[in-house]
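Chemist: There's a structure below that I have some questions on.
Only the coordinates and a few stated rules stand behind these numbers; no lab work does. Remember, it's a predicted structure, so these values are computed and weren't measured experimentally. As a convention, Cβ positions derive from the backbone with ideal geometry for all residues, glycine included, and neighbour counts pool all protein chains shown.
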Amino acid sequence: MKHLVVFLLVTVALQFGLNDACTDNDVVFRNRLGKDIILKVSCESNKKHRSIGSVNFMGIPHRITFGEEVGGKTTWHCLLRYGQFTSHFRAYKGGSLIPRCGELRVYIAKPDGIYLEKNADREKLDQRWMKM
């Protein structure tokens, strides 16, 4: 019974304490494919939120900003396309119990693949393009 009380207290503290202080998360898409090549972005979350857009070469990035709730693990799946190439992948997966706060995922589309820069770390190849 003591464990149940402790669990309930921790759950309530997380709900009211961390949820208010949690800053939004961002998933960003940049186009470095080449001059006159347009990157098409189509994403959907497990909460049925959608984000669709186009990014010109070296243009304004496409940004998805969202918050997370305690116990409400958020995922985003995205389809990126240009010309005859495509890539479908999970762009974001939230924490299980405790929400992630202020997370930044920057996906950079280049001719050889899609690079990921996670929370300002160095970019690394994350996905390869598939020919349609």
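Chemist: Once the piece of chain linking Asn46 and Ile98 is laid out straight, how much longer is it, given 0.36 nm per residue of separation minus the C-alpha distance between them? If you can, show how the numbers build up before the last one.
Modeler: Working: separation 52, 0.36 × 52 = 18.72 nm, distance 1.72 nm.
Extra length from Asn46 to Ile98 when fully extended: 17.0 nm.
Chemist: Could you tell me which of Asn56, Phe85, Gly71 has its Cα farthest along the dipole of the stretch 23-131 towards the positive end, charges placed at Cβ (Lys, Arg +1; Asp, Glu -1), taken about the Cα centre?
Modeler: So the residue furthest toward the plus end is Phe85.
Chemist: Something else: How high is the relative contact order of the stretch 18-63, in percent, counting Cα pairs under 8 Å that sit 6 or more residues apart?
Modeler: Details: 66 pairs, mean separation 19.3, N = 46.
Normalised by residue count, the contact order of the stretch 18-63 is 42 percent.
Chemist: Hand me the trypsin sites (Lys or Arg not before Pro) from the stretch 58-132 located in a DSSP loop with no more than 13 other Cβ atoms within 10 Å, in residue order please.
Modeler: Details: sites: Arg63, Lys73, Arg81, Arg90, Lys93, Arg100, Arg105, Lys118, Arg122, Lys124, Arg128, Lys131; in loops: Lys73, Arg100, Arg122, Arg128.
Passing both the DSSP loop test and the Cβ count: Arg122, Arg128.
Chemist: State the extension gain, in nm to one decimal, for the chain segment bounded by Arg32 and Arg128, taking 0.36 nm per residue of separation less the distance between their alpha-carbons.
Modeler: Numbers: separation 96, 0.36 × 96 = 34.56 nm, distance 1.44 nm.
Additional length available on full extension: 33.1 nm.
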